[in-house]
Every structure is written in structure tokens, then in C-alpha cells.
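Trainee: Let me begin by handing over the structure; questions about it come next.
The values are calculated or read from the model by the stated rules, or taken from the named source; none is laboratory data. Owing to the predicted nature of the structure, the values given are computational and were not obtained by experimental measurement. FYI the Cβ positions are ideal-geometry reconstructions off the backbone, even for glycines, and counts take in every protein chain you see.
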Amino acid sequence: MNQAKPKDTGYQSRTFKSLGRLAFWAGAWLAATALMKFGPRLLWNKDVLLTLLAVCVNVCVGIGLILAQKRYISELDELQKKIYLDALAITVGVAVIVAIPYSVLHTYAVISFQADVSHLLELMSLTFLVSFFYGSVRYR
């Protein structure tokens, strides 16, 4: 049986382009963050002016990422928005609930390792992915 593929709609095309922009800005922010983190030590011997420039670049690219995220969300349909925003809400809630006790555990030396913001970012990333996947499966 030869079934014809459904034609690409304007909505699908818009969301795909928006997702591409979001991926670009996420990659650019990741690169800018790596430059900000490792540049002072590996590339420019802790020069303050270059470090401040790297921080400014990171913040500017981060603003671009935020705007791309906002645009992506605005172009989703209602169900996709609900799934996405529910996943974001769960992620923010988990981050707030975990961050403060994590800091207290580190402050009072209950945990033996350095409490780092990267641990929180990893938790947030995993929480978002699981929440988004769960929501996508739930509403299918």
C-alpha cells in the first residue's frame, strides 16, 4: 500500500524553524559558557578584561536563548504549551525545593563534596526531560 505523506503545514514549519533557532541559541550559550568558564585559565591567563568580556558575551547570548525560548513556546499549540509549561513548573519546583537543603547540607559539612551549581543544573535538566516525556506520553 502506498500512502501519501501528509503535507507540511505552516504550523509544523514554523515550530520546526523555531526549534532550530532554540537549538542554535542553546548551543551558542553552551559555547559561551564554556568560554567563560575555561577561557580565563586556558586561553588568556586570567586577564580581567577578557574575563569580563566573556561574561558579557555569555549574558548577551543567554538573553538570546531566553528570547528564542519565549518565541518557541509562543508558537506551540495549546496542548504542547501545557505539556511544556507543566514540565517547566515541575522543574522550577524541584530546583527550589532541593537547592536550599543542598546548600544547608554543604554549609554544615553534612556532605563531603563541594556543592556546585552544576549539580543543580543537571538535576533541573533531568527533571525537565522526565517531566516533558511523561506529559507527552500522558496526553497522547
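Trainee: In the stretch 98-120, which residues are surrounded by fewer than 12 Cβ atoms within 10 Å (Cβ to Cβ) and closer than 25 Å to Ala26 by Cβ?
Mentor: Scanning the stretch 98-120 gives Asp116, Val117, Ser118.
Trainee: Does the stretch 74-84 include one or more residues that are in a helix (DSSP H, G or I), under 20 Å from Phe132 (Cα atoms) and touching a Gly at 6+ places or on another chain (Cβ under 6 Å)? Even if it seems obvious, please write down each step before you answer.
Mentor: Applying the first criterion (in a helix (DSSP H, G or I)) to the stretch 74-84 yields 74, 78-84.
Applying the additional criterion that residues be under 20 Å from Phe132 (Cα atoms) yields 74, 78-84.
Going one step further and asking which of them are touching a Gly at 6+ places or on another chain (Cβ under 6 Å), we end up with 83.
Yes, that holds for at least one residue.
Trainee: Which condition does Asn45 not pass, out of (1) within 17 Å of the chain's Cα centre (by Cα); (2) on the phi > 0 side of the Ramachandran plot, if it passes all the others?
Mentor: (1)
Trainee: Shifting gears a bit: Within the stretch 58-65, can one find any residue that is more than 21 Å from Leu85 (Cβ to Cβ), outside the structural domain of Leu88 (by TED's automatic domain parsing), part of a helix (DSSP H, G or I) and at pLDDT below 95?
Mentor: no
Trainee: Continuing with this model, one more query. Tell me the residue from Trp25, Trp44 that is of a type in the set (A, V, I, L, M, F, W, C) and farther than 23 Å from Ser118 by Cα, please. Reasoning before the result, please.
Mentor: On the way: Trp25 fails: farther than 23 Å from Ser118 by Cα.
One residue alone meets the criteria, Trp44.
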